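This report refers to the structure that appears directly beneath it.
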C-alpha cells in the first residue's frame, strides 16, 4: 500500500501520464481530487468516494478506474428500479462539467472495487488510478474508513456481474 499524508493526498492534482498530442491541456492536468475515501471491507466488494473538480473549459469524462486492492473496478451509479435502489455500471463513465465538479458519494455515483485482493482495513490508505477519455490518467490515495450509513450491501445480483444496493 502507498502511504501518503491526508494533506498530500487531498492536494494531489496530477500524477498524470499524457498521451494527448494536440495543443490542449491533458485532461488529467485539469482535474483535482479531494475528499477521497474508501469504505472498509473484509472481502468481496467495496466503494471509493471523492470530489473531482474540472478547471478546464470543456467537460472531462472518467472512463476507467483501477487499484492494486481489487481484481477490477467499475464506475457505478445508483438508480431506482422496481422500488429498490440498485447499483449498475455508469454508461459512458463519469462526466465532470467544464469549470464544475462531480461528487462520488454513498448512495450515488462511486468507484466500485470488485473482488478485493485483501481486506481494506480502517486507517490504511489505498491508491486508485482513474483514466480519462483522452487517455491520460491520475492516481490519488484514499483513506479507508468505517462507514455504516446507507446500510449498503455490495452483493452480486443473479447474473453475478452487477452488484445490488440493499436499502
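The values are calculated or read from the model by the stated rules, or taken from the named source; none is laboratory data. Source: prediction; values computed, not measured. Cβ sites come from the backbone with ideal geometry, for glycine too, and all protein chains shown count toward neighbours.
Taken together, the residues in the stretch 115-154 that are assigned to a strand (DSSP E or B) and either closer than 18 Å to residue 50 by Cβ or modelled with pLDDT under 95 (or both) amount to 18. Just the residues that are in a loop (DSSP other than H, G, I, E, B) and more than 18 Å from residue 140 (Cα to Cα), please, taken from the stretch 25-80. Once the filter is applied, which keeps residues that are in a loop (DSSP other than H, G, I, E, B) and more than 18 Å from residue 140 (Cα to Cα), the stretch 25-80 yields 25, 42, 43, 44, 56, 57, 58, 59.
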